[in-house]
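The structure appears below as structure tokens.
The values are calculated or read from the model by the stated rules, or taken from the named source; none is laboratory data. These numbers come from a predicted model, not from an experiment. Virtual Cβ from ideal backbone geometry, glycine too; neighbours counted across all protein chains shown. Each accessible area value is taken on the protein alone, full model and side chains, heavy atoms only, with ligands, DNA and RNA left out. Shrake-Rupley method; radii C 1.70, N 1.55, O 1.52, S 1.80 Å.
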Amino acid sequence: MKPGPLNLITDVAGLRVGNAADARVKSGSTVLVGDAPFVAAVHVMGGAPGTRETDLLAPDKVVQEVDALVLSGGSAFGLDAASGVADALRAQGRGFEIGGQHVPIVPAAILFDLLNGGDKDWDENPYKGLGRTALETAAVEFSLGTHGAGAGATVTGLKGGLGSASVVLECGVTVGALVAVNAQGAVTVGDGPQFWAAPFEMGGEFGGGGIAQGYDAGYEPHPETQLRENTTIAIVATDAVLTQAQTTRMATAAHDGMARAIVPSHTPYDGDLVFGVSTGVKPLPDPVFDPIRLGHAAAVCLSRAIARGVYEATPEDGDRWPTWQEKFGR
């Protein structure tokens with residue numbers, strides 16, 4: 001497999017991503033929207049998730065497709081970003097049709113960035129407006145790092161960020177990942193610049209630092225962020241034809257990629273979760289083994305996207321942590 005043309009989740013045809021952020025608040029929102037409704041699923045591994053409408057994504061529920069997915073900062077306040085997206089989609093005539101009424105289905109997940117140095121003393125929750133703006137700016141090409149849901153993200157010792165990556169399998173199926181990296185754990189090995197995800201890097205996409213010399217399999221992490229200032233939220237997508245149950249399995253497998261790139265991950269204080277998306281364009285040539293390849297590809301994409309999100313972060317006034325570029329001078 002090799003990266004797609006853009007090395008973004010939008011290499012899955014028919015998907016667009018939009019970002020919106022408030023530099024004063026040090027937070028933002030990201031929306032993934034399709035040209036048409038798409039199959040969606042979710043798998044939660046963290047101990048402290050914050051979500052909206054995720055119960056609908058179980059394979060036994062009536063609604064099998066959604067109109068958009070939202071990743072947002074702001075903790076519980078950030079769930080309101082999905083309201084802005086839903087309002088805008090309804091105005092476009094999109095949504096689940098019931099008796100002439102259109103109800104857009106917009107599941108969402110949030111991360112905690114309320115203590116990152118930004119001004120959170122708002123009179124009115126800003127996230128509904130951020131969600132609407134993110135949808136309005138949705139495009140095939142979008143920025144990584146300190147943008148959207150990654151605008152206020154942090155990891156142990158560094159700024160976090162918004163990351164994305166893609167691969168095209170030999171069978172022609174495309175898989176992509178989108179992630180807001182805001183972890184209790186570390187994304188780099190010890191005190192050095194090497195990313196835990198280094199074995200999966202393609203084409204120097206996050207610095208080409210390689211695997212750390214003197215890698216210590218007995219390394220014991222010491223997270224530096226405050227408890228509950230956490231959560232990595234992600235989306236993995238494919239153009240393969242998948243049922244909701246198969247999409248759930250792809251999202252589940254993608255958590256391996258999170259665990260490879262963040263140490264530790266899935267802690268009791270992270271709300272780590274992965275949404276799965278299938279646009280349903282390309283039938284799988286091999287229904288037995290291709291789902292295995294899809295899960296592996298999703299995990300690889302997510303590892304790479306996590307490292308890219310941190311690698312692409314940029315400095316701003318009032319930051320509590322340096323960017324990877326600032327700390328390691330690359």
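Cross-linked pairs 128/159; 26/61; 2/282; 120/159; 61/120: Cα-Cα separations exceed 29 Å for 26/61; 61/120. When restricted to Cα atoms, the range 1-78 yields an Rg and a Dmax of 14.7, 42 Å, respectively. Normalising the Debye intensity of the range 220-330 to I(0), with uniform scatterers on Cα atoms only, and taking log10 at q = 0.10 Å⁻¹ returns -0.38. Going 7 Å from the Cα of residue 58 toward and past its Cβ, which residues in the range 260-285 have a backbone nitrogen under 20 Å from where you end up? Taking a point 7 Å out along Cα→Cβ of residue 58, the residues of the range 260-285 whose backbone N falls under 20 Å are 272-277.
For the range 16-110, with every protein chain kept in place, what is the accessible area per residue (1.4 Å probe, Å²)? Before the final figure, lay out each step's value.
On the way: 3660 Å² over 95 residues.
Per-residue value: 38 Å².
Taking the Cα centre of the chain as the origin, how large is its charge dipole in debye, to the nearest 20, when only Lys and Arg (+1) and Asp and Glu (-1) carry charge on their Cβ atoms?
Details: 22 positive and 37 negative charges, 64 e Å.
Approximately 300 debye in magnitude.
Could you state the number of Å between the C-alpha centres of the range 239-289 and the range 1-33? Using only Cα atoms, the two centres lie 17 Å from each other.
Once you have a ≥ b ≥ c as the square roots of the Cα gyration tensor eigenvalues for the range 265-330, tell me rounded if a/c is under 1.5, and otherwise prolate or oblate according to whether a/b is larger than b/c. Here the range 265-330 falls in the prolate category.
Taking 7 Å steps out from each Cα toward its Cβ at residue 292 and residue 123 produces label points 6.1 nm apart.
Of the heavy-atom accessible surface of the range 118-204 (probe 1.4 angstrom), what whole percent is carbon and sulfur? Percent of accessible area from carbon and sulfur atoms in the range 118-204: 43.
Label-to-label distance for residue 170 and residue 327 is 3.8 nm, based on points extended 7 Å past Cα in the beta-carbon direction.
So what's the range 52-124 giving for Rg/Rh, alpha carbon basis, Kirkwood Rh from the mean inverse pair distance? Before the final figure, lay out the partial values.
Working: Rg = 14.5 Å, Rh = 13.6 Å.
With Rh from the inverse mean 1/r over Cα pairs, Rg/Rh is 1.07.
Evaluated over the Cα positions of the range 14-138, the convex hull gives a direction-averaged projected area, one quarter of its surface, of 8.3 nm².
What does DSSP give for the chain in terms of the percent of beta bridges that are antiparallel, rounded to the nearest 5?
On the way: 47 of 57 bridges.
That works out to approximately 80 percent antiparallel.
When 1/r is averaged over all different Cα pairs and the result inverted, which Kirkwood radius in Å belongs to the range 239-301? Provide the component values of the computation, followed by the final result.
Values: mean 1/r = 0.0810 Å⁻¹.
Taking the inverse mean of 1/r over all distinct Cα pairs, the range 239-301 comes out at 12.3 Å.
Take the range 251-330 with all the other protein chains still there, run a 1.4 Å probe, and you get 39 Å² of accessible area per residue. With a Förster radius of 35 Å applied to the C-beta separation of residue 2 and residue 65, the computed FRET efficiency comes to 0.75. Alpha-carbon geometry of the chain: the Rg and the Dmax are 18.2, 64 Å, given in that order. Across the accessible surface of the range 1-52, with the other protein chains kept in place and a 1.4 Å probe, carbon and sulfur atoms take up 55 percent.
For the range 90-200, the convex hull drawn through the C-alpha positions has a volume of 167 cubic angstrom per residue. Of all the options 62, 168, 31, the one that moves most in a Gaussian network model of the chain with Cα springs shorter than 10 angstrom is 62.
For the ranges 107-115, 318-326, what's the packing order if you count other beta-carbon atoms within 10 Å of each residue, average per peptide, and put the highest first? Spell out each step's value before the answer.
Working: 107-115: 26.1, 318-326: 18.2.
Highest to lowest by the protection proxy: 107-115, 318-326.
With unit charges on the beta carbon (Lys/Arg positive, Asp/Glu negative), name the residue among 185, 197, 279 whose Cα is farthest towards the positive pole of the charge dipole of the chain. Farthest towards the positive pole: 279.
Within the chain, no helix built from a complete DSSP H run reaches 20 Å or longer along its own axis (Cα positions) while carrying a mean Kyte-Doolittle hydropathy of 1.6 or higher. When shorter helices are ignored and each DSSP H run of at least 4 residues is given -39500 (n - 2.57), the per-residue value for the chain at 222 nm works out to -6500 deg cm²/dmol.
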